[in-house]
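First up is the structure itself, then whatever we jot down about it.
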Amino acid sequence: MDIAENREHAPEACLLLDLARRGIIQACVAPITYTTVSFLLHRYGKEQVHEMLQRLSSGVEVLPMDAVQFHKAMAYGPVRDFEDMMQYQCAASGGCEVIVTGDRKGFEGYSALPVMTAAEFLQSMMKQ
């Protein structure tokens, strides 16, 4: 999302995507990310949206998402951002170790996984 909309954390997110493409890190994405990006960028036209989705999916693993994650999200109860809850359920089911996002607040109160910005994740890599 940060890359697609050129948000504050876009440069660091681009660096993470580059590291994933080079096989230095493993990056996983929930399929719902691509539908959200498509919706947000639809004003640019279908060709440009398709090109962006192809660029964003290069070098990353798209995790499975099905009714199991949906029912887990619903069972949790009301949350500030249901899309983030779906992202979390997909990451947790997919065995991810950390969630990297520009919207840390969307995961507050329920994420058992560490939640970091792209810059924080890059800093944590340097410490290892």
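Below, the figures for the structure above:
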| item | result |
| --- | --- |
| For the stretch 54-61, Karplus couplings with θ = phi - 60° (6.51, -1.76, 1.60), whole Hz, Gly/Pro x | 5, 5, 6, 8, 6, x, 10, 8 |
| Most fluctuating residue given options Gly77, Gly102, Gly23, as computed from a GNM of the chain linking Cα atoms under 10 Å | Gly77 |
| Mean separation of Cα contacts under 8 Å (6+ apart) over length of the chain, as relative contact order % | 25 |
| Reduced Cα scattering model of the stretch 36-106, Debye log10 I(q)/I(0), q = 0.12, 0.24 Å⁻¹ | -0.41, -1.16 |
| Volume in Å³ per residue [convex hull over Cα atoms, computed for the chain] | 111 |
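Read-outs throughout are calculated quantities, based only on the coordinates presented, and are distinct from any laboratory measurement. What you see is a predicted model, and the numbers here were worked out from it, not measured in a lab.
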